Amino acid sequence: MVGKDRAKPIRELDLERYRALYGLTAVVLSNLAIVAVAIAGVWRLGGDKSVIIGVLTAAFTAVSTMTTAYLGIKAVSNTAQAMAQGDPRRTQTPPEPTTPPTETPTPTPPTPTPPSPRTPDNPHP
């Protein structure tokens, strides 16, 4: 009975804050783990520059992909939530009607005349 009396309902805003905080924490910790593995890999490889470049490129790709995916998903989630709640700031306004431009008649170019046939300068005897 004690648990039911003391339990507070979590407000929707608090829930979103927790989701954002834990999501960002997961991304930061994952990025730190990728960096740690890349540093350990470079340290263990000694001096083979081509392999080191490959490890660093893969680590950079993984970090940037993870961060971009989190930010993209978060942005889409925020936009969908705002649209579901009917937030007027997040909805798109329809474009204003535009009047079609008036077309000016373009003069037609004169048709070229075909060239006259050439006669040989030196006819065969």
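The values are calculated or read from the model by the stated rules, or taken from the named source; none is laboratory data. The structure displayed is predicted, hence computed values, not measured ones. In this analysis, Cβ positions are derived from the backbone assuming ideal geometry, glycine residues included, and neighbour counts consider all displayed protein chains. All accessible areas refer to the heavy atoms of the entire protein, side chains included, with ligands and DNA or RNA removed. Shrake-Rupley method; radii C 1.70, N 1.55, O 1.52, S 1.80 Å.
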Return yes or no: is Thr68 farther than 30 Å from Gln81 by Cβ and modelled with pLDDT of 85 or more? no
Any residue in the range 79-103 that is open to solvent by 100 Å² or more (accessible area, probe 1.4 Å) and of a type in the set (Phe, Trp, Tyr) sitting within a Cβ distance under 8 Å of a residue that is at pLDDT 75 or above and not in a helix (DSSP H, G or I)? List the pairs, counting only those 6 or more apart or interchain. none
Quickly run through the range 53-85 and pick out the residues that are touching a Lys or Arg at 6+ places or on another chain (Cβ under 8 Å) and of a type in the set (Gly, Ala, Ser). Ala82
Answer residue from the range 31-78, given it is open to solvent by 60 Å² or more (accessible area, probe 1.4 Å) and of a type in the set (Lys, Arg) and is farthest from Leu21 (Cα to Cα) among those: Lys49
